[in-house]
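Written out below as structure tokens is the structure these notes cover.
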Amino acid sequence: MNVANRIELERKRGGSIDWSSAGILIILALMVLLFGMINPKFFTPKNVGNVLRQISIVGICAVGMTAVILTGGIDLSVGSVIGVTAVAGAMLMSSDFPIPVAVAMVLAIGGLAGAFNAFCVNVFGIPPLITTLGTMTALRGLIYVITGGRSVYGIPAGFKIIGQGDLLFIIGYVALNKTIFGRRIYGIGGNIEAARLSGIKVKLELAKVYVCAGVLSAIAGLVLMSKVNSGQPSAGDGYEMDIITAVVLGGVSVSGGEGKLLKVIIGVVFMGVLANGMMMLNIGEYQQRLVKGLVLIFAVALDIASKRFNDTRGKKIKASR
């Protein structure tokens with residue numbers, strides 16, 4: 001399938017919810033009912049607000065992760081970028097740096113992390129999985145080396161940042177669906193060689209995607225820092241799995257080239273409700289990780305099953321003509 005056909009196919013699919021998305025919505029509804037029946041406090045306005053605050057960080061990073069996965073890549077470093085930028089922001093602000101300057105420097109750190117990932121992928125040809133796994137580990141180690149494992153306090157009381165990802169989702173939707181940049185992203189994920197032959201500067205577009213993912217992770221780091229009023233070395237630990245799971249649950253194919261950001265919202269809400277519900281039921285951290293790991297496997301299996309179903313249906317339609 002060439003780039004033009006792939007893009008057109010995505011446009012046609014974008015107007016309706018496929019069967020896999022419908023299945024996720026049904027499971028989400030049942031999960032909400034189950035948590036509400038076990039603990040009536042789940043439906044209180046206070047807890048609904050807690051869910052919205054919890055999903056903000058995952059939602060912000062999901063915008064960048066969607067673009068990365070659409071290219072056929074992956075970014076495991078987002079959680080560590082959240083951590084290193086949260087600590088950096090706290091250190092800068094506690095050292096009396098002006099807030100705008102501190103924020104700009106933090107965003108630059110996130111962008112540099114993304115640029116490093118892109119450099120390794122584009123120049124050395126290291127697979128994104130290995131590149132970002134290395135970046136994830138190195139940055140997490142750097143955080144503990146710098147802080148000695150201690151949290152950083154002293155954030156100015158006036159530092160406030162909006163913790164919702166609504167605006168970023170709107171910007172991301174427009175970028176992926178209404179711009180040449182978005183069409184190139186789908187083209188690269190659909191068939192990288194065809195994209196290259198069609199004149200797309202693949203390395204440049206990949207660099208943009210990874211840098212954007214890094215900057216968005218930095219924004220999430222600032223949001224998390226403002227919520228806990230400190231820069232913690234463990235900040236963002238494990239978030240990469242929640243973010244990837246949310247994106248895949250939202251229908252973005254792990255093989256690239258297929259998916260819509262609007263549907264990713266379903267996955268983000270799903271992960272937020274799941275995490276909040278398990279906390280309200282006093283389920284331990286280790287058990288929560290077990291459940292989230294199984295959900296990720298389920299999401300990938302659903303993606304593969306959906307693709308096979310669509311391929312089979314396409315062959316039947318073609319044979320009947």
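The values are calculated or read from the model by the stated rules, or taken from the named source; none is laboratory data. A quick note: this is a predicted structure, and the numbers were derived from the prediction, not measured. Reconstructed Cβ throughout: ideal geometry from the backbone, glycine too, with neighbour counts over all protein chains shown. With ligands, DNA and RNA removed, areas are computed over all heavy atoms of the protein, side chains included. Shrake-Rupley method; radii C 1.70, N 1.55, O 1.52, S 1.80 Å.
If the chain linking Ser151 and Ile283 were pulled fully straight, counting 0.36 nm for each residue of separation and taking away their Cα-Cα distance, it would gain 44.9 nm. Near the amide H of Val152, within less than 5 Å, lie the amide hydrogens of Gly231, Gln232, all on another chain or at least 5 residues away, with H placed in the peptide plane.
Here the gap between Asn50 and Ala138, fully extended at 0.36 nm per residue and compared with their Cα-Cα distance, gives a gain of 28.5 nm.
What shape does the stretch 83-180 take by its C-alpha gyration tensor, where a ≥ b ≥ c are the square roots of the eigenvalues and a/c under 1.5 counts as rounded, a/b above b/c as prolate, and the rest as oblate?
Working: a/c = 2.47, a/b = 1.19, b/c = 2.07.
Here the stretch 83-180 falls in the oblate category.
Rolling a 1.4 Å probe over the protein heavy atoms of the chain, with every protein chain left in place, gives an accessible area that is 68 percent carbon and sulfur.
Using only helices, what value at 222 nm comes out for the chain when you add -39,500 (n - 2.57) per DSSP H run of length 4 or more and divide by the total residues, to the nearest 500 deg cm²/dmol? Present the calculation step by step, with values, prior to reporting the outcome.
Working: 13 runs with 242 residues, N = 321.
Value at 222 nm, helices only: -25500 deg cm²/dmol.
Largest accessible area first, the listed residues Arg308, Arg53, Arg140 line up as Arg308, Arg53, Arg140 when surface is computed with a 1.4 Å probe on the assembled protein chains. Remark on the chain: Rg and Dmax equal 20.0, 71 Å (Cα only). The stretch between Leu262 and Ser95, if pulled fully straight at 0.36 nm per residue, gains 56.1 nm over its current Cα-Cα span. Measuring only protein heavy atoms, the 1.4 Å probe finds Val248 accessible over about 10 Å².
Here the calculated FRET efficiency for Ser198 and Phe298, from their Cβ-Cβ distance with R0 = 41 Å, stands at 0.70, rounded to the nearest 0.05.
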